[in-house]
Amino acid sequence: MAGDMKVLNALDSAKTQWYHFTAIIIAGMGFFTDAYDLFCISLVTKLLGRIYYHVDGSSKPGSLPPNVSAAVNGVAFCGTLAGQLFFGWLGDKMGRKKVYGMTLMLMCICSIASGLSFGREPKTVLTTLCFFRFWLGFGIGGDYPLSATIMSEYANKKTRGAFIAAVFAMQGFGILGGGIFAIIASAAFQASFKAPAYEVDAVGSTVPQADYLWRIILMVGAIPALLTYYWRMKMPETARYTALVAKNVQQATADMEKVMQVEIGTEKKEPTSAVKSNNEFGLFTKQFLSRHGLHLLGTCSTWFLLDIAYYSQNLFQKDIFSAIGWIPAAKTMNAIEEVYKIARAQTLIALCSTVPGYWFTVFLIDRIGRFIIQLLGFSMMTVFMFALAIPYDHWTHPGNHIGFVVLYSLTFFFANFGPNATTFIVPAEIFPARLRSTCHGISAASGKLGAMVGAFGFLYLAQPQDKTKADAGYPAGIGVRNSLLVLAVVNLLGTLCTFLVPESKGKSLEEISRENDDSDEAGAQVDISHSSDSRTLPVK
């Protein structure tokens with residue numbers, strides 16, 4: 001039986017080859033699309049308000065009412081949460097490859113459909129937009145557990161962290177791509193359709209063609225996904241799924257020999273389903289709870305706490321941009337100009353702090369380990385949040401805004417060179433193959449729950465304590481300063497929960513998940529050598 005498991009040893013010790021980079025690009029383009037689709041909505045929400053909620057005679061341009069704004073921004077999160085749970089479970093039941101194609105097609109169709117949102121009335125346009133954004137989110141949700149699991153199961157043990165991090169880092173390029181495309185599209189519209197500022201001509205400031213701009217920005221999200229669909233369908237099933245879950249070791253070996261272009265060799269006289277295990281406990285069992293319960297609690301809690309902080313940070317962007325003059329007052333611009341200015345500001349933040357943070361993780365994760373990076377990230381986010389919150393009045397005075405933006409950018413940098421990357425990587429490494437995709441989906445869904453708390457809870461919490469100063473339609477909140485203090489405490493809790501998560505650097509997936517441990521209950525007797533080169537993988 002040991003001969004049959006050579007394929008997993010071969011994967012663990014394989015040199016970095018072209019197929020590794022192909023897998024990064026194929027899985028990464030899914031993530032590029034995810035980020036583009038999730039974050040591009042923030043570029044066009046102001047425009048939607050101007051087009052569909054214009055009030056004659058108002059001194060300010062139209063804006064989405066609070067409940068509509070929450071629905072448009074948040075419905076994709078709800079879809080993502082459902083998709084992470086459903087496709088995570090399906091990826092363990094049907095195999096990674098089959099489900100991978102489904103999620104991509106769903107993303108492409110819904111990306112195009114959300115741009116085609118029907119009707120002319122505000123209610124019909126925004127209802128159909130929300131409907132398709134939900135299903136778009138559902139497809140995106142599936143991409144999280146599947147991309148992470150596929151990459152972890154393809155990679156060798158020395159550079160696995162960097163490969164999974166590289167897939168996740170494509171998210172940074174997706175945010176950047178969305179911003180750059182919005183800049184180009186809005187600049188082209190601006191040049192073609194001249195319009196006065198809102199304060200000069202309220203109606204004329206929003207040209208009819210502006211309705212095409214937001215639709216084009218949303219629909220372009222389908223292109224990168226469509227480009228990689230063919231390659232996604234050609235990828236073989238991962239060897240670990242085929243060998244450990246589908247129990248077909250010879251098929252796994254044949255697949256990997258083709259992909260890696262090496263001769264692995266199997267014992268032909270043995271049956272194809274040579275892997276027998278008496279240790280195949282399910283998710284809802286005492287064995288799982290005793291062996292992986294704390295790990296699952298660790299991955300869920302850290303991702304939940306991170307996303308509360310990470311997504312609520314995005315709320316402060318518009319206030320910061322306005323405060324330092326990157327975005328002028330809305331009434332001094334026309335509708336298309338506003339899209340251009342918002343996109344320019346978001347692209348600058350992505351370029352200076354978001355993207356570098358991801359790549360710091362890629363280069364350092366296999367050197368200093370997941371645990372240290374996550375601990376460092378949460379700790380630094382805590383420090384910077386307190387530094388923003390405690391002297392908050394100081395930051396509001398003219399001339400001090402630049403310091404605020406620098407600290408604010410550093411919290412983004414340490415989120416990405418920190419828990420935003422590691423919470424995605426670790427659940428793909430520490431659970432058994434037959435539950436890997438499911439557990440990653442559960443962890444990711446906890447994160448999305450945190451994102452909803454962050455995006456909506458803090459939308460209300462950050463309102464001024466004086467109701468008369470709160471945004472139209474919102475009740476009084478606890479103010480920005482107190483909200484920042486709450487976020488600092490959230491990051492501190494994240495630092496503490498990190499201690500529940502094991503380090504997985506440099507170990508094979510079977511070693512971390514203890515799939516090559518005996519099952520005492522079943523009395524299985526297996527001789528396992530623990531040297532990294534000659535280890536016999538799960539043959540119970």
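The values are calculated or read from the model by the stated rules, or taken from the named source; none is laboratory data. Bear in mind that the values here come from a model prediction, so they are computed numbers and not experimental data. Backbone-built Cβ (ideal geometry, glycine too); neighbour counts: all protein chains shown. Ligands, DNA and RNA are excluded from the accessible area calculation, which covers all protein heavy atoms including side chains. Shrake-Rupley method; radii C 1.70, N 1.55, O 1.52, S 1.80 Å.
Okay, here's what the table says:
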quantity	calculated
Fully extended contour minus Cα-Cα distance, from residue 470 to residue 400, at 0.36 nm per residue	22.8 nm
Area of residue 300 that stays accessible when all protein chains are in place (1.4 Å probe, Å², to 10)	20
Nitroxide proxy distance, nm - points 7 Å out along Cα→Cβ at residue 109 and residue 407	4.9
Nearest-0.05 FRET efficiency for residue 514 and residue 258, computed from C-beta distance (R0 45 Å)	0.90
Heavy-atom accessible area per residue - the chain, 1.4 Å, Å²	39
Leading residue at positive end of dipole, the chain (Cβ point charges), from 509, 451, 474	474
Where labels lie 7 Å past Cα in the beta-carbon direction, separation of residue 70 and residue 102 in nm	3.2
The stretch 359-487: relative contact order as a whole-number percent, Cα under 8 Å and 6+ apart	25
Degrees between helix 66-94 axis and first principal axis of the chain (Cα, 0 to 90, nearest 10)	10
Qualifying trypsin sites (Lys or Arg not before Pro) for the stretch 52-131 [loop in DSSP, other Cβ within 10 Å: at most 15]	120
Order of exposure, largest accessible area first, which applies to 397, 295, 54 with probe 1.4 Å	397, 54, 295
Estimated dipole of the stretch 53-125 in Debye, rounded to 20 [Cβ of Lys and Arg +1, of Asp and Glu -1, Cα centre]	320
Relative contact order (%) - criterion: Cα under 8 Å, at least six apart; region: the chain	24
Largest to smallest accessible area among 359, 214 [probe 1.4 Å]	359, 214
Per-residue [θ]222 nm for the chain (sum of -39500 (n - 2.57) over DSSP H runs n ≥ 4, rounded to 500)	-22000 deg cm²/dmol
Label zone at residue 503, where the point sits 7 Å out along the Cα-to-Cβ direction: the stretch 381-406 residues whose backbone N lies under 15 Å	none
Where 362, 200 fall by accessible area, highest first, once all protein chains stay in place (1.4 Å)	200, 362
Solvent-accessible area of residue 216 with every protein chain in place, 1.4 Å probe, in Å² to the nearest 10	70
Residues of the stretch 112-128 with amide N under 20 Å of a point placed 7 Å along Cα→Cβ from residue 209	116
³J(HN,Hα), Karplus 6.51/-1.76/1.60, whole Hz, each residue of the stretch 356-365, x for Gly, Pro	x, x, 4, 6, 4, 4, 4, 6, 10, 5
Longest segment of the chain lacking GluC sites (Glu not before Pro) that sit in a DSSP loop with at most 16 other Cβ atoms within 10 Å	268-502
Surface accessible to a 1.4 Å probe, residue 375 within the full protein complex, Å²	40
Tilt relative to the chain, helix 96-115 - C-alpha long axis, 0 to 90 degrees, to 10	10
Accessible area of the chain belonging to carbon and sulfur atoms, whole % at 1.4 Å probe	66
Between helix 286-323 and the chain: long-axis angle, C-alpha atoms, 0 to 90°, nearest 10	20
